[in-house]
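Contents: one structure, followed by commentary.
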Amino acid sequence: MGWAQNPTEKGNQMPIVTVLQGPRTPELKRELVQKVTDAFVDSLGVPAESVQVWIQETPPDSWAIGGTLTADK
């Protein structure tokens, strides 16, 4: 698929996706970025090469839910 000239047209998007999560294995991250990329390709019609996925991992002692560190649960 080619790039559209008008930036508002479908296909002229260069999505950047940020995933905030706890630590995961490289295998799970590979699967995640492939599926996220596929979702943007399917829904926006952009080339897979234009989709950037950034993973920011937060250790359990730096993340809390309901006032409790996830490391303490």
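The table below gives the values:
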item: Restricting segment 45-73 to residues that are modelled with pLDDT of 95 or more and among the polar types (S, T, N, Q), the residue that is farthest from ILE16 (Cα to Cα); result: THR68
item: Selection count, segment 2-23, where residues are surrounded by 14 or more Cβ atoms within 10 Å (Cβ to Cβ) and at pLDDT 90 or above; result: 3
item: Test: VAL53 is in a strand (DSSP E or B) and surrounded by 11 or more Cβ atoms within 10 Å (Cβ to Cβ); result: yes
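The values are calculated or read from the model by the stated rules, or taken from the named source; none is laboratory data. Since we're looking at a predicted model, the values are computed, not measured. Neighbour counts run over all protein chains shown; Cβ positions are idealised from the backbone, glycine included.
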